[in-house]
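Notes to accompany the following structure.
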Amino acid sequence: SKVTIYINMENGIISEYMQEIKACALGQASASIFGLNAIGQDQNSVFNLYYSVKNMLENNGDAPIKPFEKYELLRPAFEFKNRHASILLVLDATKNAFIEN
């Protein structure tokens with residue numbers, strides 16, 4: 001899987017977001033859910049989302065809250081640990097973009 005993201009930020013908030021996704025269906029679904037709601041997110045919300053989705057996948061924890069509640073649709077991947085990285089890929093890339101800025 002490969003994800004390329006393009007982000008512009010203003011005052012630490014995503015103001016423009018584009019992505020190129022070459023991933024399995026689960027990775028594409030995750031990127032779609034995130035991409036629809038990326039604009040307006042800040043570092044804290046992206047990091048919280050990453051750890052929320054990771055917890056949902058690894059520990060069958062709670063799904064993320066609005067506007068990312070559709071990650072609940074990916075809960076069945078809980079049983080497929082080899083797919084977790086694909087689902088988290090777009091979130092990890094965005095998290096890293098904040099770290100690098």
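The values are calculated or read from the model by the stated rules, or taken from the named source; none is laboratory data. What you see is a predicted model; the values in this text were computed from it and never measured. Because the Cβ atoms are built from the backbone with ideal geometry, glycine has one as well, and the counts that use them run over all protein chains shown. Ligands, DNA and RNA are excluded from the accessible area calculation, which covers all protein heavy atoms including side chains. Shrake-Rupley method; radii C 1.70, N 1.55, O 1.52, S 1.80 Å.
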Is there any pair with a first residue in region 9-25 that is on the phi > 0 side of the Ramachandran plot and a second that is surrounded by 15 or more Cβ atoms within 10 Å (Cβ to Cβ) and not in a loop (DSSP other than H, G, I, E, B) whose Cβ atoms are under 9 Å apart and which are 6 or more apart or on different chains, and what are they? GLY12/GLN43; GLY12/PHE98
Take region 48-74 and flag every residue that is within 12 Å of the chain's Cα centre (by Cα), open to solvent by less than 20 Å² (accessible area, probe 1.4 Å) and over 18 Å from ILE5 (Cβ atoms). PRO64, LEU74
Starting from residues that are of a type in the set (Val, Ile, Thr) and touching a residue at least 40 places away in the same chain (Cβ under 8 Å), keep the ones in region 49-101 and report whichever is nearest to GLY35 (Cα to Cα). VAL90
Looking only at region 75-87, and only at residues there that are open to solvent by less than 20 Å² (accessible area, probe 1.4 Å) and under 19 Å from ASP62 (Cβ atoms), the one that is nearest to the chain's Cα centre (by Cα): ILE87
Qualifying residues in region 21-37 (those that are aliphatic (A, V, I, L, M), farther than 15 Å from GLU69 by Cβ and more than 9 Å from the chain's Cα centre (by Cα)) - the one least open to solvent (accessible area, probe 1.4 Å): ALA23
